[in-house]
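**Student:** Below you'll find the structure I mean.
The values are calculated or read from the model by the stated rules, or taken from the named source; none is laboratory data. Please read these numbers as outputs of a predicted model, since none were measured by experiment. FYI the Cβ positions are ideal-geometry reconstructions off the backbone, even for glycines, and counts take in every protein chain you see. Calculation scope for accessible area: heavy atoms of the full protein, side chains included, ligands and nucleic acids excluded. Shrake-Rupley method; radii C 1.70, N 1.55, O 1.52, S 1.80 Å.
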Amino acid sequence: MNPDRRDFLRWTLGAAAFATFPPYAAAQDAGVIQLTAGPSEHTLYPEGAAPSSLWTYNGMSPGPEIRVAKGDRVRVRLTNNLEEPTSVHWHGIRIDNAMDGVAGLTQEPVPPGESFDYDFVVPDAGTFWYHAHNKSWNQVARGLYGPLIVDEAEPAFDRDHDLTLVIDDWRLGNDGALDLASFGSLMDWSHGGRMGNWLTVNGRSLPASKLKAGEAYRLRLICAANARVFELDPARFGAKVLAYDGQPLPEPVTLDYSPFLLGPAQRVDLLVVPQEDFALEEISGNEPFAFASFKVEKGSGGDEAVPRLAANAIPEPDLSNAQTVRLEMTGGAMGGFAEIVYKGRRLQGEDFQSTGQVWAFNGVANLADEPLFRARRGETVVIETVNDTAWVHAMHTHGHHFRIVERSGATADDGRPWRDTFLIGPQQTTKIAFVADNPGKWLLHCHMLEHAAAGMNTWFEVADS
Ligand code: C2O
Ligand code: CU
């Protein structure tokens, strides 16, 4: 964040209003949500910067907040006005496989000028998001993502106390516009991914919002960054965690450690009962960098009970009767000379440069004809992930939430929350477990989108019966 710290200080004086999402109704047509992907220009950096050439849904980034209720049927017509094919993935939704939106695995990408109808049911209440899933490293970094909020049947918080914050980091050039020239840099792909140098929340730089003292708020944080792991410190303003990746914890949990990490694609719902002004800060640098601020005004006195979130019904893994799959992550810069097979061929010499494949799962880069594993429907799967690289990764399973059952030898003692994306540090081992109850072909990949494009991408298949 360092390059922009000074500018931020200047800007705290007149922070932009906090952009909340308008109720999504405008483009809804006979129950079908219209989502149009296309180019549009936006100024990301405050004050007189050059506009950025973004790719957006309905002309905005983030795209419109799609807000539905648990159990709803959701219909979305995606129209592609981009210059290249695209598709939409509904991240974290335990969805019908044909609607998962993975170009090349669950559907053909939608060509320019054409459209595709998504039609699915949302089984879980919680904080989810949607994003492009064709060349995601490019399309997501240009702005193709938005929040997907599934309300409880009886919403736990009213709309004034339920805020969505989509956080992104953009890489801007010296003119303050999105740096297009650096897309696809093999340097990013083989290192930590495309890191930005400017943060936005809901597309705004350094927004401010007003809250009422003593009242309970739900802050839904969604990390839409390609590769950045945010280090946050919500304990500083007394926040508790309500939910991870859309799935509520049995009780709100006080964070007793710092920093709190929020990696690519991860979500956290925070419970805040503010007493005084506070800011969301990224604390990985030398000094904290505040990227959203909250002004706290006199409230109702607020002794109201804090709403409880009911658990979603996810089948509990049966560890005594599980298929265990080992997944070894290799490659990348400082990873020694990883042996990588890509499209059935062992890469060597110039191949890494020409194919852009520099990471592997069990020695294989990207999607092979055969899945990493097959599971019977209803079978518990344990994936033992060994990170034999010098980098942190954000591993995501499609179609299923899992429990983290073991981390680097130690049994997880944090109540084993359900997640759909977990962070794994260099040389760490993590075991996750889930019931493979959703038939179809599902991706398993690093959500650092450059890593996925450069090899950290595989799939598994759950049989129909
Ligand atoms: Cu957020 Cu493969 O997805
Ligand atoms: Cu990665």
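**Student:** Could you please report the charge total around residue 93, scoring K, R as +1 and D, E as -1 over all other residues with beta-carbon less than 10 angstrom from its beta-carbon?
**Tutor:** -3
**Student:** Let me ask another. Let me know the shape class of the stretch 170-297, please: from the alpha-carbon gyration tensor, a ≥ b ≥ c as square roots of the eigenvalues, rounded when a/c is under 1.5, otherwise prolate if a/b is greater than b/c, or oblate.
**Tutor:** Cα axes put the stretch 170-297 in the prolate bin.
**Student:** Leaving ligands, DNA and RNA out of it, work out the accessible area of residue 254 with a 1.4 Å probe and give it in Å² to the nearest 10.
**Tutor:** Residue 254 exposes around 80 Å² with every protein chain in place.
**Student:** Placing unit charges on C-beta atoms (Lys and Arg positive, Asp and Glu negative, everything else neutral), compute the dipole magnitude of the stretch 61-154 about its Cα centre in debye, rounded to 20.
**Tutor:** The dipole of the stretch 61-154 has a size of about 160 debye.
**Student:** Determine the order of 237, 294 by accessible area, beginning with the largest, at a probe radius of 1.4 Å.
**Tutor:** The residues order as 237, 294, largest area first.
**Student:** Something else about it: Under 12 Å Cα-Cα from residue 240, which aspartates and glutamates qualify once same-chain neighbours fewer than 8 residues away are excluded?
**Tutor:** Answer for residue 240, where 12 Å is the Cα cut-off: 251, 256, 269, listed by chain and number.
**Student:** Quick one: order 187, 448, 99, 334 from most to least accessible surface, probe 1.4 Å.
**Tutor:** 334, 187, 99, 448
**Student:** What does the C-alpha gyration tensor say about the overall shape of the chain? Classify as rounded when a/c is under 1.5, otherwise prolate if a/b is larger than b/c, or oblate.
**Tutor:** Here the chain falls in the rounded category.
**Student:** Still on this structure, I have one more. Based on DSSP H runs of at least 4 residues, each adding -39500 (n - 2.57), what is the mean residue ellipticity at 222 nm of the chain after dividing by all its residues, to the nearest 500 deg cm²/dmol?
**Tutor:** Value at 222 nm, helices only: -1000 deg cm²/dmol.
**Student:** Moving to a separate point now. Between rounded, prolate and oblate, where does the stretch 104-189 land on the alpha carbon gyration tensor, with a ≥ b ≥ c its root eigenvalues, rounded for a/c under 1.5, else prolate if a/b exceeds b/c?
**Tutor:** oblate
**Student:** For the pair residue 368 and residue 119, what calculated FRET efficiency results from E = 1/(1 + (r/R0)^6), where r is the Cβ-Cβ distance and R0 = 30 Å, to the nearest 0.05?
**Tutor:** Taking R0 as 30 Å, the efficiency between residue 119 and residue 368 is 0.50.
**Student:** Ignoring ligands, DNA and RNA, what percent of the 1.4 Å accessible area of the stretch 170-297 is carbon and sulfur?
**Tutor:** Carbon and sulfur: 48 percent of the exposed surface of the stretch 170-297.
**Student:** Net charge within 15 Å of residue 141 by Cβ-Cβ distance, Lys/Arg positive one each and Asp/Glu negative one each, not counting residue 141 itself?
**Tutor:** Numbers: positive: 135, 142, 171, 194, 228; negative: 84, 168, 169, 179, 188, 450.
So the environment of residue 141 carries a net charge of -1.
**Student:** Okay, next question. Quick one: how many Å² of residue 191 are accessible to a 1.4 Å probe, rounded to 10?
**Tutor:** Roll a 1.4 Å probe over it and residue 191 shows about 50 Å².
**Student:** Over the chain, what is the percentage of antiparallel beta bridges among all DSSP beta bridges, to the nearest 5? Don't jump to the answer; show the numbers that get you there.
**Tutor:** Numbers: 90 of 126 bridges.
Antiparallel bridges make up about 70 percent of those DSSP assigns within the chain.
**Student:** Here's another thing I want to ask about it. With a 1.4 Å probe and every protein chain kept in, tell me what percent of the accessible surface of the stretch 342-451 is carbon plus sulfur.
**Tutor:** Carbon and sulfur atoms account for 43 percent of the accessible area of the stretch 342-451.
**Student:** Further question: About the Cα centre, and with charges only on the beta carbon of Lys, Arg (+1) and Asp, Glu (-1), how big is the dipole of the chain? Nearest 20 debye, please. Intermediate values should be presented prior to the final figure.
**Tutor:** On the way: 39 positive and 61 negative charges, 30 e Å.
Charge dipole, the chain, about its Cα centre: 140 debye, nearest 20.
**Student:** At a 10 angstrom cut-off on C-beta neighbours, averaged per residue, how do the peptides 358-371, 52-65 rank from highest to lowest?
**Tutor:** Sorting 358-371, 52-65 by mean packing, highest first, produces 52-65, 358-371.
**Student:** Suppose all protein chains stay in the model; what accessible area per residue would a 1.4 Å probe give for the chain, in Å²? Spell out each step's value before the answer.
**Tutor:** Values: 18600 Å² over 465 residues.
Per-residue accessible area for the chain comes out at 40 Å².
**Student:** Where nothing but the Cβ of Lys and Arg (+1) and of Asp and Glu (-1) is charged, how large is the charge dipole of the stretch 253-322 around its Cα centre, in debye to the nearest 20?
**Tutor:** Values: 4 positive and 12 negative charges, 34 e Å.
Dipole about the Cα centre, nearest 20: 160 debye.
**Student:** Among the lysines, which have Cα under 19 Å from the Cα of residue 210 when same-chain residues fewer than 8 positions away are ignored?
**Tutor:** 295, 298
**Student:** Which is the longest part of the chain that has none of the trypsin sites (Lys or Arg not before Pro) sitting in a DSSP loop with at most 16 other Cβ atoms within 10 Å?
**Tutor:** That gives 1-297 as the longest site-free run.
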